[in-house]
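The block underneath contains the structure these notes are about, expressed in structure tokens.
The values are calculated or read from the model by the stated rules, or taken from the named source; none is laboratory data. On a predicted model such as this, the values are computed, not experimentally measured, just so you know. A quick note on method: Cβ atoms are made from the backbone with ideal geometry, for glycine too, and the neighbour counts reach across all protein chains shown.
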Amino acid sequence: MCLRVLILVGLLLFWPAAGFSFTADKRDTLRGLKEISVLVEYLPADVEREGLNREHLQRDIEVRLRQAGLHVLTISEVANSPGAPYLYVAVYPITGPSVNSNAYAVALTLKQLVQLSRNPTTELFATTWEGPMQLSSQGDHRVLDIRTRILDAVGRFIIDYRDVNSK
């Protein structure tokens with residue numbers, strides 16, 4: 001039981017570094033990006049009941065992206081956008097027999113349509129940028145903490161975006 005929790009925490013801490021060992025700088029995948037859509041995954045029911053609204057969160061993220069100079073795509077525009085890039089937001093409950101059910105992991109990734117270099121006709125969505133996976137705090141303010149962690153990750157995305165597109 002505790003071993004599973006340790007393995008999960010280890011993966012959460014080290015996955016972003018291992019996941020991008022093939023890229024010298026994951027920010028390079030943001031170069032030339034001008035438009036993006038946002039997909040906020042369905043939130044755990046208890047988190048929504050406590051006040052974190054999926055639609056409001058998506059709107060807040062889209063506002064920040066527009067302020068950073070990105071065009072936020074509508075659902076109908078996504079199909080016509082090169083690479084169909086989208087920010088994917090997910091909140092995962094950390095479960096297990098010995099884990100407090102109030103713990104959550106927060107993830108923000110950029111997914112884009114990419115082609116295999118050995119077979120350019122093969123296209124698939126791949127994660128091309130990933131913010132640091134974060135664990136939410138437990139207790140009375142967890143919904144605020146989850147929201148803050150998501151918006152902090154969006155801030156990190158915007159910093160990386162500006163770093164490669166301001167030159």
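So which pairs qualify, if the first residue must be in segment 152-163 and touching a residue at least 40 places away in the same chain (Cβ under 8 Å), the second must be of a type in the set (F, W, Y), the Cβ gap must be under 9 Å, and the two must be at least 6 apart or on different chains?
Note: pairs meeting the criteria are F157/W129; D160/W129; Y161/W129.
Select, from Q138, Q67, the only residue that is farther than 18 Å from R27 by Cα, modelled with pLDDT under 90 and among the polar types (S, T, N, Q).
On inspection, the qualifying residue turns out to be Q138.
Somewhere in segment 80-93, is a residue more than 17 Å from G32 (Cβ to Cβ) and either among the basic types (K, R) or not in a strand (DSSP E or B) (or both)?
No: zero hits.
Out of curiosity, is L116 at pLDDT below 90, more than 9 Å from the chain's Cα centre (by Cα), among the aliphatic types (A, V, I, L, M) and under 21 Å from R59 (Cβ atoms)?
For L116, the condition - at pLDDT below 90, more than 9 Å from the chain's Cα centre (by Cα), among the aliphatic types (A, V, I, L, M) and under 21 Å from R59 (Cβ atoms) - is not met.
Taking segment 32-42 on its own, how many of its residues are of a type outside the set (G, A, S), out of contact with any Phe, Trp or Tyr (no Cβ under 9 Å at 6 or more places or on another chain), modelled with pLDDT of 90 or more and not in a strand (DSSP E or B)?
1
Residues are listed down the side, and each one gets a yes or a no for (1) modelled with pLDDT of 90 or more; (2) surrounded by 14 or more Cβ atoms within 10 Å (Cβ to Cβ); (3) more than 18 Å from the chain's Cα centre (by Cα):
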residue: P44; (1), (2), (3): no, yes, no
residue: R54; (1), (2), (3): yes, yes, no
residue: L57; (1), (2), (3): yes, yes, no
residue: E62; (1), (2), (3): yes, yes, no
residue: S76; (1), (2), (3): no, no, yes
residue: L87; (1), (2), (3): yes, yes, no
residue: Y92; (1), (2), (3): no, yes, no
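Go through segment 43-78 and give me each residue that's in contact (Cβ under 8 Å) with a residue 12 or more places away in the chain, part of a helix (DSSP H, G or I), of a type in the set (D, E) and in contact with a helix residue (DSSP H, G or I) (Cβ under 9 Å, 6 or more places away or on another chain).
D60
Examine segment 135-144 for a residue that is part of a helix (DSSP H, G or I) and aliphatic (A, V, I, L, M), and state whether such a residue exists.
Yes: segment 135-144 contains one or more residues that are part of a helix (DSSP H, G or I) and aliphatic (A, V, I, L, M).
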